[in-house]
Amino acid sequence: MSDKPLLPFYHLLRHKSLLNLIFLILIQSSNILVSIIAMPVLIRAVGVEEFGRINLAFSVILLVNVLVGFGYSLSAPKTVALNQGNFSALSQKVSEILWSKLFLAFISFFILGLLGFIFGFFQDFFLILWWSTILLFSEATASVWFFQGKERLQWVSVINVMSKLTYLLLIVWFVQNVNDSYLANFFLGSTALAGNIGMLVFIHYGMKIHLIRPKFYQIIQSLRENLLLFLSSLASHIAINGGLIILSFFASVSVLGPYSIAERITMVLRMAPVLISQAVFPRASILYYEERTRFFSFLAKVELATLAVGLMIMVGVQFTAPFIIQLIAGEALGNAVLFLKILSFIPLASGLNLGNMLIILVTEQKKVLFHSTWFFSVYMLAASFFLTEFYGGVGLAIALISTEVIIFIEIEE
């Protein structure tokens, strides 16, 4: 009897990087599916303009969450991957990361409250923003980075699906009109937080990783070691996600709403290269230190696959943009279709940078990453302000695409 597996690609299904990618895709697929369903539900309940305010509050929280994350999404998976054989060291590292992020979440919560209640910032959408601050704590307690480093994402994917379905049910039941709009982001954060706490309990008791409270100086030391990665993440986030905030300075809510719809869809599409990089990062780190020759061939295959996926996304959106907008918004929004068609180039353009970014992260070239990200962040801000002032949402979309190309050119040089 033949010892060959019945499935011709059985060996691929056992590859940890591929399994990591599959479960990351499952996680993001549930996010995408729920977002696709939730967007028309919210738009029909609160209107396009109020949805723009919800999305603007979400964008502000995403920006602040860069502080909460503090670059650990870039460093923590590698830390877990390289220390997974040492339970004592791993417990110490995981605890430092968790408590550091919680410390930053409380600081961020206090700062937003101070800006809103004392100094009067965010007046047009502060109620929505304040209820959205629970997303700070869902970010702080998220443990995807741990399971990513362990290359065991199956439980995270299950919990994520459950929390997203719960979120969807809550907005269907409770968000009925404009007066309920403050609940949209709150439900998103609260369901994620509940799932995250469950996963931390599993890490502590099920995986025997002791979540101890480190000394304060250890938290400060951990933050200091990650400072350049945080600053790089901040610059990258501004360049990628700061567009909506810039557009709010120049455009009315009648433009902000349609652009918000197109941007939210693009954020979902842009996850493709991000997912691939997250999935292969732990394996790339191990290959670099143990099998250097295999590392570069592995990287080349990943780069080609990423570009192919980006190209398929771009072509697909060009043909289906009107249908997508009609499905999401419930009406034909010509400017939203135009924004989406332009923004659909972003997944392809961002795929150009995946290989270089993985090399920088694996080799810990933190200063190179810092200088590169701040260079293109400054470019994005300058291009966005200039083009948005003269061309509105179209100008902003073009600025975002050109930023991805500038990143590639600058890093290659």
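If R0 is 22 Å, what FRET efficiency do you get for residue 212 and residue 162 from their C-beta distance, rounded to 0.05?
Working from the Cβ atoms, E equals 0.20.
State the dimensionless ratio Rg/Rh of the chain (Rg: radius of gyration of Cα atoms; Rh: Kirkwood radius).
Checking Rg against Rh, the ratio lands at 0.96.
How much of the accessible area of the chain, probe 1.4 Å, is carbon plus sulfur, in whole percent?
The computed percentage sits at 70.
How are the C-alpha pair distances of region 202-299 spread across 5 Å bins, as whole percents from the shortest bin up?
2, 9, 10, 11, 14, 16, 14, 11, 7, 4, 1
Accessible area of residue 87, 1.4 Å probe, to the nearest 10 Å²?
For residue 87, the solvent-accessible surface is approximately 110 Å².
Please give the length that would be gained between residue 44 and residue 385 if that part of the chain were fully extended, namely 0.36 nm times their separation in residues minus their C-alpha to C-alpha distance (nm, one decimal).
Roughly 119.6 nm would be gained on extension.
Calculate how steeply helix 16-46 sits against the longest principal axis of the alpha-carbon atoms of the chain, using the helix alpha-carbon long axis, and give the answer as 0 to 90 degrees to the nearest 10.
Helix 16-46 and the main axis of the chain meet at about 20 degrees.
Select from 282, 214, 40 the residue whose mean-square fluctuation is largest in a Gaussian network model of the chain (Cα-Cα springs shorter than 10 Å).
214
Comparing 346, 97, 220, which has the greatest mean-square fluctuation in the GNM of the chain with Cα pairs linked when under 10 Å apart?
220
Connecting C-alpha atoms closer than 10 Å in a GNM of the chain, tell me which of 167, 72, 217 has the biggest fluctuation.
Comparing 167, 72, 217 in a Gaussian network model of the chain, the most mobile one is 217.
How high is the relative contact order of region 253-410, in percent, with contacts defined as C-alpha pairs under 8 Å that are six or more residues apart?
29 percent
Longer than 26 Å from Cα to Cα, which of 101/215; 78/366; 341/366 are they? Say none if no pair is.
With Cα atoms farther than 26 Å apart: 341/366.
Label region 296-360 by shape, choosing from rounded, prolate and oblate, from the square roots a ≥ b ≥ c of the eigenvalues of the Cα gyration tensor; if a/c is under 1.5 it is rounded, and otherwise prolate applies when a/b is larger than b/c, oblate when it is not.
prolate
Over the chain, with the other protein chains present, what is the accessible area per residue in square angstrom, probe 1.4 angstrom?
46 Å²
The values are calculated or read from the model by the stated rules, or taken from the named source; none is laboratory data. What you see is a predicted model; the values in this text were computed from it and never measured. Cβ sites come from the backbone with ideal geometry, for glycine too, and all protein chains shown count toward neighbours. Heavy atoms of the whole protein, side chains included, go into the accessibility calculation; ligands, DNA and RNA do not. Shrake-Rupley method; radii C 1.70, N 1.55, O 1.52, S 1.80 Å.
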